[in-house]
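For reference, the structure is listed below as structure tokens.
Rule-based calculations on the coordinates, nothing more; no lab input. Here the structure is a predicted model, which means the values were calculated and not measured. We place every Cβ from the backbone using ideal geometry, glycine too, and count neighbours over all the protein chains shown.
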Amino acid sequence: MSAEPGNLFTLFGLSEPALLLRMVELVLAVSLLELLWFVLRSGPLARRQGLPNLLAGLSLILALRLGLGGAGFAWVAACLLAAGVSHLLDLQARQRIMQEPEATHRSPHHPPKPLGPGRQSP
């Protein structure tokens, strides 16, 4: 570790591995806040469709954090397995959405398409 001005590591007083670990912890904390916000603010359908994606990401971040922190192989493997299962559930939810008729998954952000001049679907 060098003490030259502008060195990011000396700026925070941490070694490179310690700074990397803190950065991953920050991402993990923000992701957990995002998960909490999503669970509290979304409806049941959105939760069912969005949670697997968030959980896959959280599992990967947790695996990285555990690996950098020196946790054993079993802990990292368990997180990676959880990420894989969550990813498969996310793909399944997306597939279900793609198979539904268009009218069932409209949102306020995607208004219905007009049926003709000046008319809109119900």
Which of the three applies to the stretch 12-86, rounded, prolate or oblate, going by the alpha-carbon gyration tensor with a ≥ b ≥ c and a/c under 1.5 meaning rounded?
oblate
Between Val39 and Glu16, the FRET efficiency computed from the C-beta separation at R0 = 25 Å comes out, to the nearest 0.05, as 0.10
